[in-house]
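Before any comments, here is the structure.
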Amino acid sequence: MTSSPLLHLPGAVQAEGRDEGVAAHYGELYGEQRALADGRGFVDLSHRGVVTVTGPERLSWLHLLITQHVTGLPAGQATDALILSANGHIEHALYLVDDGETTWAHVEPGTQGELIAYLESMKFFYRVDVTDRTEEFAVVHLPAGSIAEVPEGCVVRETAHGRDVFVPRAGLESFAAAHGPAAGLLAYEALRVEGHRPRLGLETDHRTIPHELGLIGSAVHLQKGCYRGQETVARVHNLGKPPRRLVFLHLDGSEVVLPAHGAPVRLAADGAEGRQLGFVTTAVRHHELGPIALALVKRNVPVDAPLLAGHTAAAQEVVVAP
């Protein structure tokens, strides 16, 4: 993995694990969060994969493969989409925009190779070309409310929580110099958790279906043609409930250590040895809310039940209704 040149900015501390290669923070965790919340600064997401699809049939072809309705997608309109297994489990999450000639997507770090292999296997006779552009383009996030000007020629995904800009890697340092202050991944993740936005590989495991994360409607379109996994989506939506649900947790602020990804979630009344009812997906420190987390729990966990996230007391808020 190529390290971002922005790791040379003052105070930069590199992130670990899946986010290695970009800065976790630049020395001012809460200050960086406040800047983003106020619509200032940017986040270096240059470790994420960038994939493009070109050709006159790109949108109609993608429409057959993904969960989103993209035939006739207007140029410049951002959308989210998933690729599911035959059993309806989430395999890939794509953050898309079409510029009128090319469909751009950014994806989780390191997943672009597997995604491209799948897309290539599904080309058949369609007039499309799929390309890994990760070495050429970096993703940079401008927060909601930012009035920063985007360099001419850059493709932009504009969403309710900000703009994702595909910047040529050669121009990443000049972009940073013009759009500071820099904010790290910890600040970005804190606002993501506050916004209840799930992330592939953190809020998902090998059996996660879209309904569990509240992605029906935002990343899954229910009135579109067939795609892999659609039967599961339709069956759960029309006939049942998902086995698990995403919840937002307010964590006990007296604890020094945040619960790790995968930490068991139990009923507080059952204690630390009680039956596991789910797991923590992402825990963060928020500049206003204090320690918070997302977790995936069994659907029948009472919505008002006090919980334990690892060994930390937690109160839940409903994200996905039981």
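The values are calculated or read from the model by the stated rules, or taken from the named source; none is laboratory data. Since we're looking at a predicted model, the values are computed, not measured. We place every Cβ from the backbone using ideal geometry, glycine too, and count neighbours over all the protein chains shown. Please note that ligands, DNA and RNA were not included when accessible areas were found on the heavy atoms of the full protein model with its side chains. Shrake-Rupley method; radii C 1.70, N 1.55, O 1.52, S 1.80 Å.
The local environment of LEU308, defined by Cβ-Cβ distances under 12 Å, has a net charge of -2 under the rule Lys, Arg +1 and Asp, Glu -1. Please name which of HIS311, HIS250, GLN276 has its Cα lying farthest along the dipole of the stretch 186-322 towards the positive end, using unit charges on Cβ (Lys, Arg +1; Asp, Glu -1) and the Cα centre as origin. Checking the options against the dipole of the stretch 186-322, the answer is GLN276. Each Lys and Arg adds +1 at its Cβ and each Asp and Glu adds -1 at its Cβ; summed about the Cα centre, the stretch 145-188 shows a dipole of about 120 debye. With a cut-off of 13 Å between beta carbons, the residues surrounding HIS261 carry a summed charge of -3, where Lys and Arg count +1 and Asp and Glu -1. What is the stretch 63-152 by shape, rounded, prolate or oblate, if you read a ≥ b ≥ c off the alpha carbon gyration tensor as root eigenvalues and call it rounded for a/c under 1.5, prolate for a/b larger than b/c, and oblate otherwise? Taking the square roots of the gyration eigenvalues as a ≥ b ≥ c, the stretch 63-152 is prolate. With unit charges on the beta carbons (Lys and Arg positive, Asp and Glu negative) and the dipole taken about the Cα centre of the stretch 34-179, which residue among PRO109, LEU142, GLY171 sits farthest to the positive side? The one lying farthest along the dipole's positive direction is LEU142. Accessible surface ranking for GLU16, GLU255, GLU114, 1.4 angstrom probe, highest first: GLU16, GLU114, GLU255.
Each peptide in 5-15, 32-42 gets a packing score, the mean of other Cβ atoms within 10 Å over its residues, and the list from highest to lowest is 32-42, 5-15.
Dipole magnitude for the chain: computed about the Cα centre from +1 point charges on Lys and Arg Cβ and -1 point charges on Asp and Glu Cβ, it is near 1040 debye. Determine, from the Cβ-Cβ distance of ASP38 and GLU149 and an R0 of 25 Å, the FRET efficiency 1/(1 + (r/R0)^6), rounded to the nearest 0.05. Calculated transfer efficiency: 0.90. Each residue of the stretch 25-37 was assigned a 3J(HN,Hα) from its phi angle through the Karplus curve 6.51 cos²θ - 1.76 cosθ + 1.60 (θ = phi - 60°); the sequence is 6, 10, x, 9, 3, 6, x, 5, 4, 4, 4, 5, 4 Hz, with glycine and proline shown as x.
For the chain, relative contact order (Cα pairs under 8 Å, six or more residues apart, normalised by length) works out to 19 percent. Per-residue Karplus couplings for the stretch 87-99, computed as 6.51 cos²θ - 1.76 cosθ + 1.60 with θ equal to phi - 60°, are listed in order as 8, x, 7, 6, 10, 9, 10, 10, 10, 10, 7, 10, 9 Hz, Gly and Pro entered as x.
Distances between placed amide hydrogens fall under 5 Å for GLU91 paired with ILE83, LEU84, SER85, all partners being 5 or more residues away or on another chain. Compactness ratio for the chain: Cα radius of gyration over 2.2 N^0.38 Å (N = residue count) comes to 1.01.
Taking a ≥ b ≥ c as the square roots of the eigenvalues of the Cα gyration tensor, the stretch 162-278 is oblate, since a/c reaches 1.5 or more and a/b is not larger than b/c.
I want to make sure I understand the PRE zone here: with the label point 7 angstrom from the Cα of ALA315 toward its beta carbon, which residues in the stretch 247-278 have backbone N atoms less than 13 Å away? Those under the cut-off are 249-253.
Only DSSP H runs of four or more residues enter the estimate; each adds -39500 (n - 2.57), and after division by the residues of the chain the mean residue ellipticity at 222 nm equals -5000 deg cm²/dmol. Residues considered: GLY88, GLY113, GLY72. Largest GNM mean-square fluctuation over the chain, using C-alpha springs under 10 Å, is found at GLY72. Here the Karplus curve 6.51 cos²θ - 1.76 cosθ + 1.60, taken at θ = phi - 60°, turns the phi angles of the stretch 74-86 into couplings of x, 4, x, 8, 6, 8, 10, 8, 10, 10, 10, 6, 4 Hz, with x standing for Gly and Pro. For the pair the stretch 30-77 and the stretch 238-314, the centres of their Cα atoms are 29 angstrom apart. Of SER46, SER174, the residue with the largest accessible area leads and the full order is SER174, SER46 (1.4 Å probe).
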